[in-house]
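Okay, so here's the structure we're looking at.
The values are calculated or read from the model by the stated rules, or taken from the named source; none is laboratory data. Because the structure is a prediction, the values reported are computed rather than measured. Glycine also receives a Cβ, built like all others from the backbone with ideal geometry; neighbour counts cover every protein chain displayed. The area values use the complete protein model at the heavy-atom level, side chains included, leaving out ligands, DNA and RNA. Shrake-Rupley method; radii C 1.70, N 1.55, O 1.52, S 1.80 Å.
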Amino acid sequence: MNVIHISAECYPIAKVGGLADVVGSLPKYQENAGVKASVLMPFYNNRFTQKNEFKTIATAEVSLGEKTYAYQVLALKKNSLAVEVIFIDIPELLFKEYVYSEDDTERFTAFQIAALDWILSLKDKPSIIHCHDHHTGLIPFMLQECYKYKALNQIPTVLSIHNAQYQGWFSHEFIHYLPAFDISRNGLLDWNGAINPLAAGIKCAWRVTTVSESYMKELQKDANGLELLLSHEKDKCVGILNGIDTSVWNPETDDMLTKNYTSNNVQTGKTANKKWLCKEFGFSLSKPLFSFIGRLVYEKSADLLPEVIDSILTEKNCSILILGSGNKVLEQQLEALKSKHKSNYNKCIGYNEELSHRIYAGSDFLLMPSRIEPCGLNQLYAMQYGTIPIVHSTGGLKDTVTDVKHGGFGFRFDHVSVENCLKTIQRAITYYEEVPNLKNIRKTMMHIDHSWDASAKKYNDLYKSLKTN
Ligand SMILES: Nc1ncnc2c1ncn2[C@@H]1O[C@H](COP(=O)(O)OP(=O)(O)O[C@H]2O[C@H](CO)[C@@H](O)[C@H](O)[C@H]2O)[C@@H](O)[C@H]1O
């Protein structure tokens with residue numbers, strides 16, 4: 001059995017967020033569990049593509065309405081990645097520095113058509129096509145409905161929803177971008193009067209997965225307009241919790257850290273990493289350090305951060321560090337707070353992979369007040385590095401973090417508000433001050449197996465249940 005994952009992001013090639021981490025790691029673990037896995041993604045103009053050499057394995061053209069774009073299918077000359085990755089290079093559309101841009105309808109529609117044209121040309125076809133998020137949501141529809149893909153329509157499709165907030169909507173006036181199909185079937189593309197690639201994927205994929213069980217249930221009540229569809233299709237939906245790549249996220253071997261450590265020397269290891277952060281960002285080593293890493297958007301409750309930071313630092317004895325980018329007004333507010341809280345607040349506005357590893361290792365607590373968190377990887381990385389997560393009880397956060405008051409290893413609160421964030425941070429500060437040694441809770445967290453082993457097997461079993469021949 002062989003699966004091809006089709007995705008806009010894949011770590012370490014192109015990463016905006018957690019989607020890249022999943023597509024960069026799940027296939028490796030699937031291979032270990034006996035299913036051959038590869039990745040098909042766009043060819044961007046970024047550090048990875050500049051630093052590596054590629055060979056052309058096919059050339060062709062893709063049409064979007066009246067326009068035609070030449071493209072190549074590329075593979076790495078020397079593959080140092082754990083799985084095979086194939087690239088669709090449409091220079092006029094996809095070859096940009098950043099993964100996403102304003103013309104994503106054209107970019108990702110062309111990418112999906114080129115991807116299927118290439119699969120159609122293969123002698124050995126994949127046994128499963130696994131799509132990720134709305135950027136690849138048209139694929140299950142096209143396989144099922146477009147005349148030219150008839151030869152592929154017995155290949156089972158799986159669509160994973162990493163984030164249902166983004167759906168890739170575009171107007172019906174662009175329906176001619178898609179290869180020919182029976183137009184009376186265009187209702188499959190529609191949701192609320194627009195072409196909705198995520199909705200089309202949910203309707204047409206053989207199975208739909210969400211990245212945690214709780215998120216699957218939540219989507220039936222709150223899915224940015226798709227609630228009805230998701231409750232209607234619930235029998236083909238399954239929640240499979242994300243894992244983490246322990247060859248990348250491992251404090252014992254992570255070469256981005258100041259000092260490597262295991263659960264046996266977690267205290268000294270974390271202190272050495274905290275010292276580096278405190279020196280770099282001007283904090284006192286003796287105060288508990290709370291960090292936030294992520295996209296500065298509403299789903300992550302990033303809009304609450306300025307008020308939370310200002311209140312907590314006016315009253316309490318702790319330090320706060322923010323790493324993220326997103327909403328520009330919020331970025332400015334977070335910048336401005338620095339002049340008021342010089343010695344115990346700092347921020348890095350931008351994207352910095354290495355710093356994120358150092359923050360997971362050197363912080364005492366990681367803040368994740370997300371309003372919506374389909375799975376969340378940050379809390380898993382934090383726990384892997386012995387850092388205590390503070391989370392809103394939602395989605396995957398609810399499925400992976402148990403509160404200390406129930407014998408667990410984190411702090412949870414139920415409703416998102418500045419007040420509840422503050423109360424929970426206060427609870428964590430008291431815990432930090434009163435529990436003489438956080439070693440035990442850190443050790444407990446570090447011993448939990450968050451690797452992909454169990455979940456990769458669940459995906460493989462799901463594929464096997466869909467096999468048609
Ligand atoms: N400024 C920055 N600098 C460096 N690194 C940064 C960064 N901002 C974010 N990151 C990194 O990006 C990743 C974020 O992953 P998450 O899964 O927590 O959220 P995201 O919303 O992107 O993913 C969506 O998809 C994933 C995967 O399914 C789900 O877990 C999640 O709930 C869903 O919202 C982590 O690796 C984090 O360290």
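Among the residues of segment 2-53, those that are touching a strand residue (DSSP E or B) at 6+ places or on another chain (Cβ under 8 Å) and of a type in the set (Phe, Trp, Tyr) comprise TYR29, PHE43, TYR44, PHE48.
With the condition kept exactly as written, say whether any residue in segment 110-130 is under 23 Å from the mean Cα position of the chain (by Cα), within 16 Å of the ligand (Cβ to nearest atom) and under 21 Å from GLY18 (Cβ atoms). Within segment 110-130, one or more residues are under 23 Å from the mean Cα position of the chain (by Cα), within 16 Å of the ligand (Cβ to nearest atom) and under 21 Å from GLY18 (Cβ atoms). Go through the residues of segment 373-382 one by one and say whether even a single one is open to solvent by 20 Å² or more (accessible area, probe 1.4 Å) and more than 16 Å from the ligand (Cβ to nearest atom). The answer is no, given that none of the residues of segment 373-382 is open to solvent by 20 Å² or more (accessible area, probe 1.4 Å) and more than 16 Å from the ligand (Cβ to nearest atom). For segment 274-300, taking the residues that are assigned to a loop (DSSP other than H, G, I, E, B) and without any contact (Cβ under 8 Å) to a residue 24 or more places away in the chain, the one that is farthest from ASN437 (Cα to Cα) is identified as LEU285. For the condition open to solvent by 10 Å² or more (accessible area, probe 1.4 Å) and either in the same structural domain as SER417 (by TED's automatic domain parsing) or over 16 Å from the mean Cα position of the chain (by Cα) (or both), ILE359 does not qualify. Considering every residue within segment 437-451, establish whether at least one is in contact with a Pro (Cβ under 9 Å, 6 or more places away or on another chain) and more than 24 Å from LYS316 (Cα to Cα). Yes, segment 437-451 contains at least one residue that is in contact with a Pro (Cβ under 9 Å, 6 or more places away or on another chain) and more than 24 Å from LYS316 (Cα to Cα). Candidates are the residues of segment 1-42 that are in contact (Cβ under 8 Å) with a residue 60 or more places away in the chain and of a type in the set (Val, Ile, Thr); the one that is nearest to TYR166 (Cα to Cα) is VAL16. Restricting to segment 323-366, and then to whatever is more than 16 Å from the ligand (Cβ to nearest atom) and among the hydrophobic types (A, V, I, L, M, F, W, C), can you tell me which residue is nearest to ALA14 (Cα to Cα)? By that ranking, first place goes to VAL329. Scanning segment 288-303 finds one or more residues that are touching a strand residue (DSSP E or B) at 6+ places or on another chain (Cβ under 7 Å) and among the aromatic types (Phe, Trp, Tyr). Only one of the listed residues (SER451, SER417) is at pLDDT 95 or above, among the small types (Gly, Ala, Ser) and either assigned by TED's automatic domain parsing to the domain that holds GLU307 or over 30 Å from ALA151 (Cα atoms) (or both). That residue is SER417.
Cβ-Cβ contacts under 7 Å between residues 6 or more apart (or on different chains), taken from a first residue in segment 65-86 that is assigned to a strand (DSSP E or B) to a second residue that is modelled with pLDDT under 95 and open to solvent by 90 Å² or more (accessible area, probe 1.4 Å), are absent.
Here is a yes/no grid of residues against (1) farther than 22 Å from ILE129 by Cα; (2) at pLDDT 95 or above; (3) within 16 Å of the ligand (Cβ to nearest atom); (4) open to solvent by less than 50 Å² (accessible area, probe 1.4 Å):
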| site | (1), (2), (3), (4) |
| --- | --- |
| TYR11 | no, yes, yes, no |
| ALA14 | no, yes, yes, yes |
| ALA20 | no, yes, yes, yes |
| TYR29 | no, yes, yes, yes |
| LEU40 | no, yes, no, yes |
| THR49 | yes, yes, no, yes |
| LEU74 | no, yes, no, yes |
| ILE90 | no, yes, no, yes |
| LEU94 | no, yes, no, yes |
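Does any residue of segment 271-286 turn out to be away from the ligand (no atom under 16 Å from the Cβ), in contact with a Gly (Cβ under 8 Å, 6 or more places away or on another chain) and closer than 27 Å to ALA456 by Cα? Checked segment 271-286: no residue is away from the ligand (no atom under 16 Å from the Cβ), in contact with a Gly (Cβ under 8 Å, 6 or more places away or on another chain) and closer than 27 Å to ALA456 by Cα.
Of the residues examined, SER319 is not one that is surrounded by 18 or more Cβ atoms within 10 Å (Cβ to Cβ), at pLDDT 95 or above, within 25 Å of LYS270 (Cβ to Cβ) and within 16 Å of the ligand (Cβ to nearest atom).
Screening segment 302-315 for residues that are charged (D, E, K, R) and more than 16 Å from the ligand (Cβ to nearest atom) and picking the one that is surrounded by the most Cβ atoms within 10 Å (Cβ to Cβ) gives ASP310. For segment 31-56, a residue qualifies if it is out of contact with any helix residue (DSSP H, G or I) (no Cβ under 9 Å at 6 or more places or on another chain) and part of a loop (DSSP other than H, G, I, E, B), and the qualifying residues are TYR44, ASN45, ASN46, ASN52, GLU53. Scanning segment 250-267 for residues that are open to solvent by 10 Å² or more (accessible area, probe 1.4 Å) and either within 16 Å of the ligand (Cβ to nearest atom) or small (Gly, Ala, Ser) (or both) yields ASN250, MET256, LEU257, SER263. For segment 278-301, filtering for residues that are in contact with a Phe, Trp or Tyr (Cβ under 8 Å, 6 or more places away or on another chain) and open to solvent by less than 20 Å² (accessible area, probe 1.4 Å) leaves 4. Among the criteria (1) open to solvent by 30 Å² or more (accessible area, probe 1.4 Å); (2) more than 15 Å from the ligand (Cβ to nearest atom), the one ILE4 does not fulfil is (1). Among the residues of segment 383-417, those identified as more than 16 Å from the ligand (Cβ to nearest atom) and surrounded by fewer than 18 Cβ atoms within 10 Å (Cβ to Cβ) are THR402, ASP403, VAL404, LYS405, HIS406, GLY407, GLY408, ASP414, HIS415, SER417. Scanning segment 208-229 finds no residues that are in contact with a Phe, Trp or Tyr (Cβ under 8 Å, 6 or more places away or on another chain), modelled with pLDDT of 95 or more and of a type in the set (Asp, Glu).
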